[in-house]
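Everything on this sheet refers to the single structure shown next.
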Amino acid sequence: MDPPSNLTITNAGNINQAPNLSWNASSTSGVSYKVQRCPSYYQSCSWQDIATTTSTSYTDYFLSISTQSNADDRYQYRIKATKSGYTTAYSNITSTWAIAPQKQGEVAATTPAEFSLEAPYPNPFNPEVTIPFALASAGQVSIDVYDLMGRRVAVLADERYEAGRHSVQFRAEETFPSGLYFVRAQMTTADGSLYHFTQHLTLVR
């Protein structure tokens with residue numbers, strides 16, 4: 001399984017826009033991509049998992065692109081492909097000067113007080129939707145998509161996440177008909193506590 005390649009920020013230089021990442025897919029089908037962000041330009045920075053997606057693009061709504069003179073940091077990104085417990089090497093690194101929410105007068109990112117599966121956006125969607133979720137403490141997370149017949153049509157997450165705010169993305173294949181779908185999440189903490197959540201999605205072709 002070869003790693004994703006040619007990771008770029010497609011809207012680099014577009015001030016006040018959220019960075020949009022795009023990359024070339026792994027040659028292996030059915031993989032997921034884990035997106036990581038590093039809040040520092042230095043190689044010794046701490047990489048953070050920010051999203052898992054089956055698409056070959058991701059928009060980081062946590063940041064806004066800025067000029068070097070106004071930015072609070074230069075943020076780096078890298079990705080890797082995963083499938084059935086196997087992972088590839090990381091892609092190339094790309095970066096941009098940007099402003100984090102607390103620098104824009106918005107609410108700073110903190111550890112959530114509770115577990116939640118938040119409202120997907122955009123919804124209705126076509127063909128891709130982002131599904132945010134929050135963990136008050138580290139735990140195992142599974143997130144799946146089901147159709148109205150109760151058939152599982154996609155596995156978006158099945159792995160351990162650290163405490164914090166995260167997101168996964170669902171891209172409806174061309175064979176998926178318009179209509180209502182359900183996102184079901186299960187979160188299991190270190191002490192064995194279980195949390196179950198459901199959100200609905202509307203696909204409009």
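General observations
- For Ser46: the one exception among (1) closer than 13 Å to Pro3 by Cα; (2) without any contact (Cβ under 8 Å) to a residue 24 or more places away in the chain: (1)
- The criterion of at least 2 residues that are modelled with pLDDT under 90 and on the phi < 0 side of the Ramachandran plot is met, among strands (runs of 3 or more DSSP E) falling completely within the stretch 140-198, by 152-161, 164-171.
- When Pro120, Pro127, Pro132 are checked against the criterion of being touching a residue at least 24 places away in the same chain (Cβ under 8 Å), crowded, with 19+ Cβ neighbours inside 10 Å, within 30 Å of Ser5 (Cα to Cα) and within 17 Å of the chain's Cα centre (by Cα), Pro120 stands alone in meeting it.
- In the stretch 179-192, the residue that is surrounded by the most Cβ atoms within 10 Å (Cβ to Cβ) out of those that are among the small types (Gly, Ala, Ser) and touching a residue at least 40 places away in the same chain (Cβ under 8 Å) is Ala185.
- Checking Ala134 against (1) among the small types (Gly, Ala, Ser); (2) under 29 Å from Arg74 (Cα atoms); (3) assigned to a strand (DSSP E or B); (4) at pLDDT 90 or above, the condition it does not meet: (4)
The values are calculated or read from the model by the stated rules, or taken from the named source; none is laboratory data. Since we're looking at a predicted model, the values are computed, not measured. Backbone-built Cβ (ideal geometry, glycine too); neighbour counts: all protein chains shown.
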